[in-house]
Ligand SMILES: C[S@@+](CC[C@H](N)C(=O)[O-])C[C@H]1O[C@@H](n2cnc3c(N)ncnc32)[C@H](O)[C@@H]1O
């Protein structure tokens, strides 16, 4: 297992598997998928990006609607385990294909290993810039799932998990090796700025895999909330009163946009949004995420 896969595998393993806790969220996601795909004439190919433990949608429902379902994730081991545990008959299983996929290209260009080795040599700000620029030039032309198109693509919450958390982990390893703090801080800020380009490229790739008259469903985590906190109470009130958009705008004007909302904002520039919905993703007993689901028509 290489670095990027191992990193995501550890995160996936830290997620609880609690079907009872997840059941209402899963029902809401299935209902949104059902509603979004209803107008489609062709229902041949469905693709899932970032499937992980496959806890938030029903695979058997997808297979009852589509001829072929492609399940992808960088952590294919977790997907395979989840798939093996699903109780569906053999003929449905045969219409499912699992594929290991890095949606960013960072694995392909060996970003993290090269970064660690390059950093261990003498560094200057200019050399850091040059390293990042050279790598980013390759990212901007990276393509995944070449020559495959889909009637519907479903993207699991993934934007906040792309690259940046792995970068922070690499930086903490550089700190342990006593590498100069000012260079590490500089790298963290530089890469945070580059995340927009990473997300834009991912989104362009997504759009290029949509057939004519197809649907893109994207779930993105926007806020983390501690169960029972004041913020939890405020968010639930906003959801009940249908004021979540206003609550979100207030939050953004105070704190700015995060990676989760940037991902959706960037897609809004590429496709026509048909509708959206705010939902609560129950992550664990104590932690939940407020996610936004955007549905786009191509
Ligand atoms: C938060 S999880 C989504 C939840 C998941 N659907 C579940 O039910 O467990 C995000 C998924 O994105 C995957 N992922 C992260 N970075 C990726 C990358 N560069 N390429 C492809 N998948 C990636 C992770 O392995 C993880 O399974």
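None of the figures in this text is laboratory data; all of them are computed from the coordinates on show. Being a predicted model, the structure only gives us computed values, none of them experimental. Methodologically, a virtual Cβ is constructed for each residue, glycine included, from the backbone with ideal geometry; neighbour enumeration extends over all protein chains shown.
The selection criterion, being away from the ligand (no atom under 12 Å from the Cβ) and in contact with a strand residue (DSSP E or B) (Cβ under 7 Å, 6 or more places away or on another chain), does not hold for residue 88. Please work out which residue is farthest from the ligand (Cβ to nearest atom), limiting yourself to segment 122-155 and to residues that are surrounded by 18 or more Cβ atoms within 10 Å (Cβ to Cβ) and closer than 19 Å to residue 296 by Cβ. Only one residue fits best here, namely 151.
Filter segment 165-182 down to the residues that are under 21 Å from residue 108 (Cβ atoms) and buried (at least 18 other Cβ atoms within 10 Å of the Cβ) and list them by number. If the condition is that a residue be under 21 Å from residue 108 (Cβ atoms) and buried (at least 18 other Cβ atoms within 10 Å of the Cβ), then 166, 167, 170 are the ones that fit.
State which residue is surrounded by the most Cβ atoms within 10 Å (Cβ to Cβ) when the search covers only segment 252-277 and only residues that are part of a helix (DSSP H, G or I) and touching a strand residue (DSSP E or B) at 6+ places or on another chain (Cβ under 7 Å).
263
The condition of being surrounded by 13 or more Cβ atoms within 10 Å (Cβ to Cβ) and away from the ligand (no atom under 12 Å from the Cβ) does not hold for residue 64.
Examine segment 222-238 for a residue that is without any contact (Cβ under 8 Å) to a residue 12 or more places away in the chain and within 28 Å of residue 153 (Cα to Cα), and state whether such a residue exists. Within segment 222-238 (the criterion being without any contact (Cβ under 8 Å) to a residue 12 or more places away in the chain and within 28 Å of residue 153 (Cα to Cα)), the answer is no, since none of the residues qualifies. Scanning segment 27-39 for residues that are surrounded by fewer than 18 Cβ atoms within 10 Å (Cβ to Cβ) and in contact with a helix residue (DSSP H, G or I) (Cβ under 9 Å, 6 or more places away or on another chain) gives 30, 34.
Against the definition (within 13 Å of the ligand (Cβ to nearest atom) and in contact with a helix residue (DSSP H, G or I) (Cβ under 9 Å, 6 or more places away or on another chain)), how does residue 158 come out, yes or no? Answer is yes for this residue.
The sole residue among 55, 80, 99 that is in a helix (DSSP H, G or I) and surrounded by 14 or more Cβ atoms within 10 Å (Cβ to Cβ) is 80.
Do we have any residue at all in segment 18-26 that's at positive phi and assigned to a loop (DSSP other than H, G, I, E, B)? For segment 18-26, residues at positive phi and assigned to a loop (DSSP other than H, G, I, E, B): absent.
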